[in-house]
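Data first, discussion second: the structure below is written as structure tokens.
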Amino acid sequence: MTAKGYILCGLLFCSSFSVFAGEGMWLPLLLKQLNEAEMQSMGMKMTAEDIYSVNNGSLKDAIVHFGGFCTGEVISDKGLVLTNHHCGYRQIQSHSTLENNYLDDGFWAYRQDQEIPNPGLFVTFIVKIEDVTAQILDGYEEGMADVIRDKIVEKNLASLRQSYAREDYQDVMVRPFFKGNQYFLFVTETYNDVRLVGAPPSSIGKFGADTDNWEWPRHTGDFSLFRIYASPDNKPADYSPDNVPFKPRHHLPISLDGVSEGDFTLVFGFPGRTNEYLPSVAVEMQVDVLNPIKIGVRDAALKVIDAAMRADADVKIKYASKQAGIANAWKKWIGESQGIEKTNGVENIRAMESTFQQRVLANEDWKASYGNLLKDYDRLYTSMEPYAKTRDLVSEIAGRNIELFRLVNYLDRYVALYQRSGEAAFNDRKDRLISYLENFFKDYRKDVDRDVFKSVIQLYYENSNPSHIDPNAVAYFTKVDKSYDKLTAYLYDNAVLLNEDKMMAALKGDPAGLMKSIEEDPAYQFCRSIVEHVRTVLAPMGEINAEIEMLDRTYMKALMEVFPEKNFYPDANSTMRVTYGQVKGYEPRDAVYYQPVTYLDGVMEKYVPGDYEFDVPAKLIELYKAKDYGQYADTNGQIPICFLGSNHTTGGNSGSPAIDAHGNLIGLNFDRVWEGTMSDLYYDASICRNIMVDARYILFLIDKFAGAERLVQEMTLVHPKK
Ligand code: ARG
Ligand code: GLU
């Protein structure tokens, strides 16, 4: 859409709060009531019951929350799970060494006994979802004070969790929806023995890396394969060599027929967090003030880490996963801020708010309960802003990008434990500390962290609110003649904490000695002082946040009453959701139209031999030259790579299946387009698109590229269009 188009759209409220086909992350159990008719009108041939059913096997039985941060789906009756390469990245990285470099070379288990266990990794199925609002709010009456409401909710929650009938291998969780106006309960089953089965080399699974991340046109084969293992009676079990491949209630058939523009697409998964109902004042603060602060810190950290990874193969392995996490959000925030600006997001939300206010003022009851909501928001966000700036600046510096701080924050818990509960309590938890330190040092390079520190700590001194900065940190800085070189050298040269041998030796001795060396460490003192100080500085924010939370609940309720013509969906909260749309291109700029499907030709167009981001494996080039595509080519004779849809997705939807009108897998969700990353705050149907890998590319890679036919053989391949 052109700039003029966006403005027109704003005046007609065409985006804010008019839900378009495409917008929305819907609860599976409410599809029948809210969405089925629209879904069928968009081409879906299934019923809501085919997607979510408690009593019969349905699509939902093939969907898992992968590790609590991504989605996966079961694609064989032997518990084979498909997810993204970037979702399995931590695991692939952790099994990689310079000799066995699965990041660079890929990994394939050609036999079942080669599948690699992953301690700590789990997948969770949803057995059943139930609306428990009435039970949770039992005893609450409109008009009661919020503290009383909170107490009632807490008590009812605890008793419901206790009393709810379930099997002993199941869990029950309850989550608030619509800002606490509704509550839903989830019965879950979690499997802890999840093994790595296959992953392409990064030159396929992360093809295009950060340059292409969040962008279209895209050519990434972003997938990996895992397998769920269960006890011999098919129940959740911790890792054991006696475990057997899990037999699911349902696995997704895979379509070989591919997609065309306009085809129905359904994405089923676990979106993490969105904020679709923020007032304009909050959105403005997010994109104009807070995003730039976070982006600035990551800019500085990434410059150092990227350069070190390109220069040193050891750093490249050790920092692969850390760098990906930092870079991913960094680029997303840039896109989000640009997207809100380009679509006039803030103005459009303001226009919606003024309609809201008009309607509220025209109704005496509403006027009394809702008349001041927007004014209150303005007041609260205005008083929050200086704190939020400090929170984001310091959390990026001391909570994320400088590893020394991360180590100090972790050790600090043990220091506190020792001081509070004594030696015995400390010794009880010592094994955990040891394994944390082993993991920390396994992927740590002091030289890299030191350079990150030197660059990032400058932002603390230069960009902190003068009344929020830690006086001790200022004193330190003065002592070293305000030289970042000297400050860095002073802390990193002397830090016992960063000396693995010394730390491990100290851990073997008595805890008092260890505590003494930690507490006397200048690096420990420096970091801890900053963290403690910011905690004090931010104390008043707790109250502001609590007030905002109360306001959010009322505002959400008000929106639903004041705009009865809209179909509202709850913000993402890491619970299971369905989003549906169509295969669809878009217009990123005037006169430019992006086609919705990419092909292997495009991989070859981007190919730069030996490049850090755009190299292509020799085997793939061979297959391309020989046109050896088997049954996986599109009708045009080419291998499709990625396609676009108008499904409303967010972080956590990575690895979600893209499902066709009949319930077959057609693709694997892994990203959104740059122009539309603001959809977490503000969805614009004209440019918000999700990006999926075509299922046929995945099959082609497993079969032809990796030669792992045994895996294709256990899947169910179908031809729904024939
Ligand atoms: N942007 C996608 C997501 O949000 C993919 C990230 C993985 N790729 C990368 N280059 N870091 O997770
Ligand atoms: N790559 C994202 C993830 O890890 C999904 C993309 C998005 O945020 O939409 O979940």
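The values are calculated or read from the model by the stated rules, or taken from the named source; none is laboratory data. Bear in mind the structure is a predicted one, so any value in this text is a computation, not a measurement. Virtual Cβ from ideal backbone geometry, glycine too; neighbours counted across all protein chains shown.
Evaluate the following for GLY585: is it on the phi > 0 side of the Ramachandran plot and either modelled with pLDDT of 95 or more or within 16 Å of ligand 1 (Cβ to nearest atom) (or both)? Let's see the steps before the verdict.
Details: on the phi > 0 side of the Ramachandran plot: no; either modelled with pLDDT of 95 or more or within 16 Å of ligand 1 (Cβ to nearest atom) (or both): yes.
No: the conditions fail for GLY585.
Would you check if there is a residue in segment 97-110 being surrounded by fewer than 18 Cβ atoms within 10 Å (Cβ to Cβ) and either of a type in the set (A, V, I, L, M) or closer than 22 Å to PHE184 by Cβ (or both)? Yes, segment 97-110 contains a residue that is surrounded by fewer than 18 Cβ atoms within 10 Å (Cβ to Cβ) and either of a type in the set (A, V, I, L, M) or closer than 22 Å to PHE184 by Cβ (or both). Contact map, segment 74-96: residues that are modelled with pLDDT of 95 or more paired with residues that are among the small types (Gly, Ala, Ser) and within 12 Å of ligand 2 (Cβ to nearest atom), Cβ distance under 6 Å, separation 6+ or inter-chain. Pairs shown: VAL81/GLY72; THR83/GLY72; THR83/GLY655; ASN84/SER654; ASN84/GLY655; CYS87/SER654; CYS87/GLY655. Within segment 237-250, the set of residues being surrounded by fewer than 24 Cβ atoms within 10 Å (Cβ to Cβ) and within 21 Å of ASN118 (Cβ to Cβ) comprises ALA237, ASP238, TYR239, SER240, PRO241, ASP242, ASN243, VAL244, PRO245, LYS247. Given the structure, is PRO245 away from ligand 2 (no atom under 16 Å from the Cβ) and free of Cβ contacts under 8 Å to residues at least 24 places away in the same chain? Answer is no for this residue. Selection of helices (runs of 4 or more DSSP H) fully inside segment 610-722 by the criterion of at least 1 residues being away from ligand 1 (no atom under 16 Å from the Cβ), of a type in the set (Asp, Glu) and without any contact (Cβ under 8 Å) to a residue 24 or more places away in the chain returns 618-626, 709-713.
Only a single criterion out of (1) crowded, with 18+ Cβ neighbours inside 10 Å; (2) of a type outside the set (S, T, N, Q); (3) within 16 Å of ligand 2 (Cβ to nearest atom) is not satisfied by LEU27, namely (3).
Looking at segment 639-652, which of its residues are over 20 Å from SER203 (Cα atoms) and in contact with a Phe, Trp or Tyr (Cβ under 7 Å, 6 or more places away or on another chain)? Spell out the reasoning first.
As a first pass, look at segment 639-652 and keep what is over 20 Å from SER203 (Cα atoms): 644-652.
Answer for segment 639-652, where residues must be over 20 Å from SER203 (Cα atoms) and in contact with a Phe, Trp or Tyr (Cβ under 7 Å, 6 or more places away or on another chain): LEU644, ASN647, HIS648, GLY652.
Only one of these conditions is not met by LEU252: (1) within 24 Å of THR650 (Cβ to Cβ); (2) more than 13 Å from ligand 1 (Cβ to nearest atom); (3) touching a Lys or Arg at 6+ places or on another chain (Cβ under 9 Å). Which number is it? With respect to (1) within 24 Å of THR650 (Cβ to Cβ); (2) more than 13 Å from ligand 1 (Cβ to nearest atom); (3) touching a Lys or Arg at 6+ places or on another chain (Cβ under 9 Å), LEU252 is out only on (3). Take the residues in segment 219-238 that are touching a residue at least 60 places away in the same chain (Cβ under 8 Å) and more than 20 Å from the chain's Cα centre (by Cα); name whichever of them is farthest from ligand 1 (Cβ to nearest atom). Once the filter is applied, the top-ranked residue is LYS235. If you check MET678, MET715 for being hydrophobic (A, V, I, L, M, F, W, C) and over 29 Å from TYR586 (Cβ atoms), only one passes: MET715. Check whether at least one residue in segment 564-583 is crowded, with 18+ Cβ neighbours inside 10 Å, farther than 27 Å from PHE69 by Cα and of a type in the set (Phe, Trp, Tyr), and report yes or no. The answer is no, given that none of the residues of segment 564-583 is crowded, with 18+ Cβ neighbours inside 10 Å, farther than 27 Å from PHE69 by Cα and of a type in the set (Phe, Trp, Tyr). Note on segment 582-609: residues that are closer than 15 Å to GLU675 by Cα, hydrophobic (A, V, I, L, M, F, W, C) and within 24 Å of the chain's Cα centre (by Cα) total 0.
Could you check segment 69-121 and list, in sequence order, the residues that are part of a helix (DSSP H, G or I), more than 16 Å from ligand 2 (Cβ to nearest atom) and of a type in the set (A, V, I, L, M, F, W, C)? Steps first, please.
As a first pass, look at segment 69-121 and keep what is part of a helix (DSSP H, G or I): 89-94, 102-105, 112-114.
Now narrow it down to the ones that are more than 16 Å from ligand 2 (Cβ to nearest atom): 94, 102-105, 112-114.
Matches in segment 69-121: LEU103 only.
The set of residues from segment 584-609 being surrounded by 13 or more Cβ atoms within 10 Å (Cβ to Cβ) and either in a strand (DSSP E or B) or among the aliphatic types (A, V, I, L, M) (or both) comprises TYR586, GLU587, PRO588, TYR594, VAL597, THR598, TYR599, LEU600, VAL603, MET604. Return yes when ILE293 is of a type in the set (A, V, I, L, M, F, W, C), modelled with pLDDT of 95 or more, away from ligand 1 (no atom under 16 Å from the Cβ) and assigned to a helix (DSSP H, G or I) and no when it is not. The answer is yes for ILE293. The set of residues from segment 520-565 being assigned to a helix (DSSP H, G or I), of a type in the set (Asp, Glu) and over 21 Å from ALA388 (Cα atoms) comprises GLU520, GLU561.
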